[in-house]
1. Could you work out the local net charge near residue 52, counting Lys and Arg as +1, Asp and Glu as -1, over the other residues with Cβ closer than 15 Å to its Cβ?
2. Give me the percent of DSSP beta bridges within segment 164-247 that run antiparallel, rounded to the nearest 5.
3. Could you compute Rg(Cα) / (2.2 N^0.38 Å) for segment 6-85, with N its residue count?
4. Aspartates and glutamates near residue 174 by alpha-carbon distance under 15 Å, same-chain residues fewer than 8 away left out - which ones?
5. Give me the Debye-computed log₁₀ of I(q)/I(0) at q = 0.09, 0.12, 0.13, 0.16 Å⁻¹ for the chain, equal point scatterers on Cα only, no solvent, two decimals.
6. Can you tell me the 0 to 90 degree angle between the C-alpha axis of helix 190-201 and the longest principal axis of the chain, rounded to 10?
7. Once the Cβ-Cβ distance between residue 48 and residue 226 is put in as r, and R0 is 51 Å, what FRET efficiency do you end up with, to the nearest 0.05?
8. Would you calculate a helix-derived [θ] at 222 nm for the chain, using -39,500 (n - 2.57) for each DSSP H run of n ≥ 4 and dividing by the full residue count, to the nearest 500?
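Derivation of every value follows stated rules applied to the coordinates shown; laboratory data play no part. Keep in mind the model is a prediction, meaning the values are calculated, not measured. Ideal geometry is used to build each Cβ from the backbone, glycine not excepted, and the neighbour counts take in all protein chains shown.
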Amino acid sequence: MADIDTRLLRSFLSVASQGNFSRAADSMACSQATMSQRIRVLEDQLGSALFERTYHQVKLTAAGQDLLPHAQALIDRHDVLLDHIQQGTVSGSVRLGIAEDYALPMLPALLRQLRYQFPGIELSIVSAISTSLQHQIDARSLDLAIVTLPEPVSTATTLSEPALCWVAVPDFNKSGKSPWPLAFYPDPCVFRNAAISTLNTHDVLYREALVSTSGQIIRCAVAAGMAITVMAEGTIPEGMTKLPASWSLPDLPSGRIQLIERSEGLSKAAQQVRKLVIRAY
């Protein structure tokens, strides 16, 4: 029986979690053609189709669903074995995902601490929306991720439950009774859904002036006075401000920032990064 390359299993997990060959290829820094070839090789070795491919969607077959937990467990054990063999000074590569909104307030302090305490740890950082980061945790392409998800994760560590704020530039000007212009990440962004639900409950008129997966583009729209957005208290960048109560916008609920991690296989280096992240909050 031929041995299965763990790279093929990691590719399978990536496609399974992303539901898309292109996004899976991006997460593993390879071309879509390479990703497709890896899956074909794995399917040939196993003698079963692992995915149902349609124009719009990629779904696991029954064989793929059966393989999924075994592939995750095998990759976890593989990484634990490598970590055990490389005992000694805490070192190695750790892959951390972080939603873009949370990067600026805590990342510099985290990196300074890491460089000072654990110079042998090589930290790779991926910035994306929270749901994408969760997919990458499932695919084992990330070890840890700082996220805000629609539903709390029972195994996650709650880092913070900050108040959510309406944010604009200090000289933002809204004319008359026109709808509030909003700038957000796409659904299922927790902040977006909290804002829209709150506005609908209070019968406040609004329009989505901008929807983008880029936090930088959203901040540009707000900085230009084109729209307002929602941010967690403590993450508002310089040049923007929390809108005061005099603007008569309804109060928003609190958010929940969580640290999620792969279920098993967390290396000693990743465990140390986990401790530093928790301390940073």
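1. +1
2. 50 percent
3. 1.08
4. Qualifying aspartates and glutamates at Cα under 15 Å: 208.
5. -0.51, -0.84, -0.95, -1.22
6. The helix 190-201 is inclined about 40 degrees to the chain.
7. Calculated transfer efficiency: 0.50.
8. -13500 deg cm²/dmol
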